[in-house]
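What follows is one structure encoded as structure tokens, with my remarks underneath.
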Amino acid sequence: MPNSHRRLSSAVLGVALLGVLAACAPGTGQAPTTASSASPTSSTASEAPSGVNTDIAGVGDVTLTVWDQEVRGGQNEQVEKLNASFQAKYPNVKINRVSQSFDDLATTLRLALTGPDAPDVVQANNGRNTMGAFVEAGQLIPLDEYAKAYGWNERFSPSILKFSTYSADAKVFGEGNLYGVPQVGEVVGVFYSKSKLAKLKLDVPQDWAGFEDALAKAKAAGETPLMLGNIDKWPAIHVFGPLQGSTVPADQVTALALGNAGASWKTPENEAAAKTLQDWVKDGYFNNGVNGADYDQTWQKMTKGEGVFLIGGSWLAADMGDVMGDDLGFFVPANAAGRYATTGGTGLPFAVTSASKHPDVAAAYLDWLTSDDAMQVLVDTGNLPVNRTAELASATSGALAEVFTEFGKVTDEGDVLPYLDYATPTFSDTLGTALQGLIDGQLTPAAFTEALEADYSAFVASNA
């Protein structure tokens, strides 16, 4: 799914969850005031500051320029609250916030980072063509020393931090130095109608075998088991990704999705996932004309009573819940090993630019935005927090609470698998087209994996 579409859709989750705002003062779990008595020198290229100073109150008057794309509803509200509380704690710091849409930020940020007035903190898309390009150009500083000082490695799941991690030359995605920290999470799972399951006398499936059994029973009872609108090609990626996670080891999915060497699409496990998806089509589990069906119209049909299940992202929970209320449920099936492995990720991470004259203040700001207390502010303003998610589920209700719980299970007890379109600059189209061919029966599972391997292996070779 294009990142811009994910961000737009995720904003809807914020609107539905708005509630009474709690007066929180983020900063829980911060490190002692100083990790080093030395003040850092200005950083160059991709080198980290030589020391870390967390005594922000003692750095003098500072203006911190922050570029973000948190412009909608609860997104904007949480940033405004956290900015206000940060400045209240550190009155010597003034935040100069430049907020713009995702598309505008993508257009202007590349040029801004090379200009004389580059911001101190930016939100940078995780992918190779954005964060990866900035790392390669030496425009972001590695945050590993700050992660040690503030305890980020304990605060965040490793499966979350990998989405902001690159080698120093940006050739390897998911390993190396940490270049950003996110606030919000995303997870792909199975939405379902509770009343339909009750009518069919089915329990909520716990694993993929149980899910397939439920699909077969729903079909036998005359229901449309599974809804999908795939005219734009990317929606089927969100069906195949979790299915792939049920058969393919997480490390192999991660290597493939991040465009790193050491994996292959031409494996029996990948073919098995492709065959399962094609078999679902042959068995009549999907609505008719999947490849010609509109994504939004299809999930809207489910809210009006058509279909039993829909595999989709957490960004749908708010809109679907508005119509279905307590009838809407959400779960992530476990794989054969009993582990939760599904497609997901984070919102755009916040990073510190190498042009910043105040990297210590910038890092303290990142810590504030992602602290334990900040996660509560995110919930209060209608966002899915990337940390403490299962713990904070009680602050929500219905399917939204289940989204929180399931995301927490995946991050704490399982594997968050990257969006497969991260892999190469052309992989979104390659995979989308191949999935349409697989669904239509024009490609065999073997031909499907061969098409993906051609794109992936060519990129890996060029990136060596």
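The values are calculated or read from the model by the stated rules, or taken from the named source; none is laboratory data. Bear in mind the structure is a predicted one, so any value in this text is a computation, not a measurement. Here the Cβ is made from the backbone with ideal geometry for all residues, glycine too, and neighbour counts use every protein chain on show.
Yes/no matrix, rows are residues, columns are (1) at pLDDT 90 or above; (2) touching a helix residue (DSSP H, G or I) at 6+ places or on another chain (Cβ under 6 Å):
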site: THR342; (1), (2): yes, yes
site: ALA351; (1), (2): yes, no
site: ALA363; (1), (2): yes, yes
site: LEU369; (1), (2): yes, yes
site: MET375; (1), (2): yes, no
site: THR381; (1), (2): no, yes
site: ASN387; (1), (2): yes, yes
site: ALA390; (1), (2): no, yes
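Collect the residues in segment 106-157 that are outside any loop (DSSP other than H, G, I, E, B), farther than 23 Å from THR424 by Cβ, in contact (Cβ under 8 Å) with a residue 24 or more places away in the chain and among the aliphatic types (A, V, I, L, M), keeping them in residue-number order. Scanning segment 106-157 gives ALA112, VAL121, VAL122, ALA147, ALA149.
Against the test of being buried (at least 22 other Cβ atoms within 10 Å of the Cβ) and on the phi > 0 side of the Ramachandran plot, the options GLY338, GLY307, GLY321, GLY398 yield a single qualifying residue, GLY307.
When we screen GLY189, GLY185, GLY229, GLY222 for residues that are crowded, with 18+ Cβ neighbours inside 10 Å, assigned to a loop (DSSP other than H, G, I, E, B) and not polar (S, T, N, Q), the only hit is GLY229. Within segment 392-410, restricting attention to residues that are part of a helix (DSSP H, G or I) and among the polar types (S, T, N, Q), the residue that is nearest to GLN183 (Cα to Cα) is THR405. One residue alone among ASN287, ASN260, ASN270 is at pLDDT below 95 and in contact with a Ser or Thr (Cβ under 9 Å, 6 or more places away or on another chain), and that residue is ASN260. Evaluating VAL361 against the criteria (1) within 30 Å of MET324 (Cα to Cα); (2) assigned by TED's automatic domain parsing to the domain that holds GLN139 leaves one unmet condition, (1).
Tell me the residue from TRP315, TRP280, TRP299, TRP265 that is closer than 30 Å to ALA461 by Cα and among the aromatic types (Phe, Trp, Tyr), please. The match here is TRP265. Filtering segment 432-449 for residues that are of a type in the set (A, V, I, L, M, F, W, C), touching a residue at least 24 places away in the same chain (Cβ under 8 Å) and farther than 18 Å from PRO235 by Cα leaves a non-empty set.
Suppose the filter is of a type in the set (A, V, I, L, M, F, W, C) and either buried (at least 24 other Cβ atoms within 10 Å of the Cβ) or more than 15 Å from the chain's Cα centre (by Cα) (or both); does ILE141 pass it? In short, yes. Tell me which residues, restricted to segment 102-133, are under 18 Å from the mean Cα position of the chain (by Cα), surrounded by fewer than 20 Cβ atoms within 10 Å (Cβ to Cβ) and either among the aromatic types (Phe, Trp, Tyr) or farther than 21 Å from TYR179 by Cβ (or both). Of everything in segment 102-133, just one residue is under 18 Å from the mean Cα position of the chain (by Cα), surrounded by fewer than 20 Cβ atoms within 10 Å (Cβ to Cβ) and either among the aromatic types (Phe, Trp, Tyr) or farther than 21 Å from TYR179 by Cβ (or both), namely ASP103.
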